[in-house]
Amino acid sequence: MLAIENLHASVEDGEGTREILKGLDLEIWPGEVHAIMGPNGAGKSTLGNIIAGKDGYEVTEGSVKFLEEDLLEMEPEERAAAGIFLAFQYPVEVPGVATMTFLKTALNAQREARGEKALSTPEFMKAVKGAADKLGVKQEMLRRPINVGFSGGEKKRNEIMQMALLEPKLCVLDETDSGLDIDALRIVSEGVNSLRSPERSFLVITHYQRLLDYIEPDFVHVLAGGKIVRSGGPELAKELEARGYAEFLEAA
Amino acid sequence: MPAVQETIDRVAAIDVDKYKYGFVTDIESEKAPKGLNEEVIAFISAKKGEPQWMLDWRLEAYRRWLTLEEPDWSTVSYPKIDYNDLYYYAAPKVKDAPNSLDEVDPELLRTYEKLGIPLKEQEILAGVRKQGEPSELDEAGESNPYGRVAVDAVFDSVSVVTTFKDELAKAGVIFCSISEAIREHPELVKQYLGTVVPTSDNFFATLNSAVFTDGSFVYVPPGVRCPMELSTYFRINEQNTGQFERTLIIADKGSYVSYLEGCTAPQRDENQLHAAVVELIALDDAEIKYSTVQNWYPGDAEGKGGIYNFVTKRGDCRGKRSKISWTQVETGSAITWKYPSCILRGEESRGEFYSIAISNGHQQIDSGTKMIHLGKNTSSRIISKGIAAGQSLNTYRGLVRANPRAKNARNFTQCDSLLIGDKCAAVTIPYVESRTGTAQFEHEATTSKISDDQLFYCRARGIGEEEAVALIVNGFVRDVIQQLPMEFAVEAQKLIGVSLEGSVG
């Protein structure tokens, strides 16, 4: 589904060009759940942003293929319509735009891009209610401007609800556990687990192992110094929890 | 165009073709000679069949105008206007009008298409054809029943106008052109005309007083709630909007009226200078709600050929507990220079101003409001949303004043500006003058940019860049959109999206 080969990417900041990803390889097949773990500054969020198409990164080498298409050539909205979803670490506030309006605009824009018919209001309401119920999102929240004044837990729940509604093929979760208390973490994880299917893949980016207690991955990768330095099964996460990232930082 | 659903239904219910009387007066093909002098004014007055007092009123305004200097305090700039090089009375849009849509700025046509305006309606808006003239497209069998209904039927069918007039007459509401009012209801016109915007008011208003050629007149009798929203849309001979419109609306004691002006479709006009005057008068316990969607031609990509919109709009809350509310969506014109204002004379009267002003390309806007508190316990509220894109300049200029006798005057002002891109500018100039210790004025202002993070968030959900901008901007202006009558609100939202096309990337 997703094939990343020798990906090098850099950002321009005040001090010049800085290379963040330095030859990253990753392959994800349908139905698989991959976790990317790593210390701060390893390039975890950069990876998520590059997959979703955020501006500000320059890919200097390598390729990213999604369903055989060259992902790097596509606009962010084209990627979304093709089935990529990024659950943001910091969901963005859009004042005055009701969550419901935002969802409807997004869903119908994606459907239109795929050549499907736009949903009528009743059809949409039904779909959104299904997704909202799954995540325990109240109708009242759907009427509020998106992410404005939401608590940390509400924002993350809202992200996963959007994921449930938009039914993507590849879900990228960027530090979804950050800022969540244990109850919110459970609700969010249950939401994610209910979306697991043989056709849908997940890339779970996290600093801590605790999220992986709830969302059990098939594969765990350690990202350090801009590359994947070690891959393994779920047991690798446990090992990291016990021993920390120190040895990888040295290795990088 | 904003034909409200009610209208469309009503019109559809009438067999329009049965009523094809040539009732639209064939407007005189002659025009007054170029330039402005007392003979030209007498000519206009005679053409309108006006009584002597009206001509005297015009001439007095003209003589005063000669002593006035064109103001230059706004932030807008434009080439000097030669007032003796204009026609003040001319048959509309016959000369120099494009012969077919092929000759019209293709950008304009693209916009019409986006707004879903039928071709035949496009012809009228673009000045190719007047209402009621046959279209070459008739042959082509272009069929859009709503297009016909919205334009031809509403404007040209005497039956429809009569239907509305009947209903209004039953309620005792007078709704007609200002010229007709001068002839048919001179006592009302004499009593109220120029009492809110006197002939001596300002350069453009004084010019308007001398040469105005058309506009609307509304009188709502005591205790009457006007049974429908009034719109310039229903007025016959509307094609002759003219550059100097004059509108007078009087809501007598305890009455209510809602008036819609304008059109969401961009209108092209031969007349570059538009200097209208609108006067509103609300007596005891009366309420007037005045909504405008202004989308005059903003000019081509370089801003050439766009309309200068220099308007004086003022409401007088003359009675106790009266209320006047202005809502405006300004997206068109090369230059917009207007300050719909309220004079809060009556005790406990209330003024409101809700505004969305969008500038793109090379447009310049200097707009805002004045709230003049004269009576006790008066209150006002100002919500202004300015959006600047392209290389435009967007200025909010507002005055809130409490006179010594305006005990307990209250005002709340919120001015928000949104910038799109880095070549535009937004300026906020609020004047606050309180001459009483008991006044309470609050002012809040923000300036923000559409952030890259917001855009990316929308795009990562599948929303294209332009649609994302429209979504974010519509969120930004939501407080004001909610003040518009529903049908207008939907169209205004669409219009905002179209107005900002090409503003990013």
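Here are a few things to note about the model shown:
- Those helices (runs of 4 or more DSSP H) of segment A:116-191 in which 2 or more residues are at pLDDT 90 or above and more than 16 Å from residue A:104 (Cβ to Cβ) occupy A:152-166.
- Test: residue in segment B:295-305 that is under 30 Å from residue B:420 (Cβ atoms), more than 19 Å from the chain's Cα centre (by Cα) and among the aliphatic types (A, V, I, L, M): yes
- As for segment B:358-371, it holds no residue that is buried (at least 20 other Cβ atoms within 10 Å of the Cβ), at pLDDT 95 or above and not in a strand (DSSP E or B).
- Any hit, segment B:331-352, residues being touching a residue at least 24 places away in the same chain (Cβ under 8 Å), crowded, with 24+ Cβ neighbours inside 10 Å and in contact with a helix residue (DSSP H, G or I) (Cβ under 6 Å, 6 or more places away or on another chain): yes
- Residue among A:47, A:103 that is under 17 Å from residue B:454 (Cα atoms), more than 8 Å from chain B (Cβ to nearest Cβ) and either at pLDDT below 95 or part of a helix (DSSP H, G or I) (or both): A:103
- Criterion: among the hydrophobic types (A, V, I, L, M, F, W, C), closer than 27 Å to residue B:289 by Cβ, in contact with a Phe, Trp or Tyr (Cβ under 6 Å, 6 or more places away or on another chain) and more than 14 Å from every other protein chain (Cβ to nearest Cβ) - qualifying residue of B:418, B:399: B:399
- When we screen B:331, B:327, B:312 for residues that are touching an Asp or Glu at 6+ places or on another chain (Cβ under 7 Å) and among the hydroxyl-bearing types (Ser, Thr, Tyr), the only hit is B:312.
- Output for segment A:215-246, where each listed residue is assigned to a strand (DSSP E or B) and farther than 20 Å from residue A:189 by Cα: A:222, A:223, A:224, A:227, A:228, A:229, A:230, A:231, A:232
- Filter pass, residue B:72 being modelled with pLDDT under 80 and either in the same structural domain as residue B:339 (by TED's automatic domain parsing) or among the acidic types (Asp, Glu) (or both): no
- Selected residue (only one of A:212, A:249 is more than 21 Å from the chain's Cα centre (by Cα) and either over 16 Å from residue A:31 (Cα atoms) or not in a helix (DSSP H, G or I) (or both)): A:249
- Test: residue in segment B:191-200 that is assigned by TED's automatic domain parsing to the domain that holds residue B:486, part of a helix (DSSP H, G or I) and either at pLDDT 90 or above or under 15 Å from the mean Cα position of the chain (by Cα) (or both): yes
- Residue satisfying all of: in segment A:50-66; more than 17 Å from the chain's Cα centre (by Cα) and away from chain B (no Cβ under 14 Å); surrounded by the most Cβ atoms within 10 Å (Cβ to Cβ) among these: A:62
- For first residues located in segment A:12-38 and exposed (fewer than 14 other Cβ atoms within 10 Å of the Cβ), partners that are not small (Gly, Ala, Ser) and not in a strand (DSSP E or B) and lie 6+ apart or on another chain with Cβ distances below 9 Å form the pairs A:27/A:1; A:29/A:1.
- Considering B:426, B:402, the condition of being surrounded by 18 or more Cβ atoms within 10 Å (Cβ to Cβ) and either over 27 Å from residue B:321 (Cα atoms) or not assigned by TED's automatic domain parsing to the domain that holds residue B:336 (or both) is satisfied by B:426 alone.
- Flag: residue A:121 does not match the condition of being within 8 Å of chain B (Cβ to nearest Cβ) and without any contact (Cβ under 8 Å) to a residue 40 or more places away in the chain.
- Every residue from segment A:81-100 that is of a type in the set (Gly, Ala, Ser), at the interface with another protein chain (Cβ under 7 Å from one of its Cβ atoms) and within 16 Å of residue A:146 (Cβ to Cβ): A:96
- Among the residues listed as A:78, A:58, the single one being charged (D, E, K, R) and under 29 Å from residue A:248 (Cα atoms): A:58
- For segment A:8-29, the criterion of being within 16 Å of residue A:170 (Cβ to Cβ), in contact with a helix residue (DSSP H, G or I) (Cβ under 6 Å, 6 or more places away or on another chain) and modelled with pLDDT of 95 or more is satisfied by no residue at all.
- Residue list for segment B:484-505, restricted to those being at pLDDT below 75 and β-branched (Val, Ile, Thr): B:504
- If you go through segment B:317-354 and keep only what is in a strand (DSSP E or B) and over 22 Å from residue B:485 (Cα atoms), you end up with B:335, B:336, B:337, B:343, B:344.
- Residues that are part of a loop (DSSP other than H, G, I, E, B), more than 9 Å from every other protein chain (Cβ to nearest Cβ) and under 21 Å from residue B:417 (Cα atoms) within segment B:451-505 comprise B:482, B:483, B:484, B:500, B:501, B:502, B:503, B:504, B:505, listed in sequence order.
- Selection status of residue B:204, at pLDDT 90 or above, buried (at least 22 other Cβ atoms within 10 Å of the Cβ) and in contact with a helix residue (DSSP H, G or I) (Cβ under 6 Å, 6 or more places away or on another chain): no
- Some residue of segment A:142-150 being of a type in the set (Val, Ile, Thr), within 14 Å of another protein chain (Cβ to nearest Cβ) and surrounded by fewer than 17 Cβ atoms within 10 Å (Cβ to Cβ): yes
- The lone criterion from (1) at the interface with chain B (Cβ under 9 Å from one of its Cβ atoms); (2) aliphatic (A, V, I, L, M); (3) within 19 Å of the chain's Cα centre (by Cα) left unmet by residue A:113 is number (3).
- For segment B:36-74, residues that are in contact with a Leu (Cβ under 8 Å, 6 or more places away or on another chain), surrounded by 15 or more Cβ atoms within 10 Å (Cβ to Cβ) and farther than 22 Å from residue B:191 by Cβ total 5.
- Lone qualifier among A:81, A:98, A:113 - being buried (at least 19 other Cβ atoms within 10 Å of the Cβ) and in contact (Cβ under 8 Å) with a residue 12 or more places away in the chain: A:81
- Here residue A:247 meets each of (1) under 18 Å from residue A:172 (Cα atoms); (2) at pLDDT below 85; (3) among the acidic types (Asp, Glu) with one exception, condition (1).
- Extreme residue, nearest to the other protein chains (Cβ to nearest Cβ), among residues of segment B:434-450 that are hydrophobic (A, V, I, L, M, F, W, C) and farther than 16 Å from residue B:386 by Cβ: B:441
The values are calculated or read from the model by the stated rules, or taken from the named source; none is laboratory data. Note that the structure is a prediction, hence the values are computed from the model and not measured. No Cβ is skipped: glycine too gets one built from the backbone with ideal geometry, and neighbour counts run over all protein chains shown.
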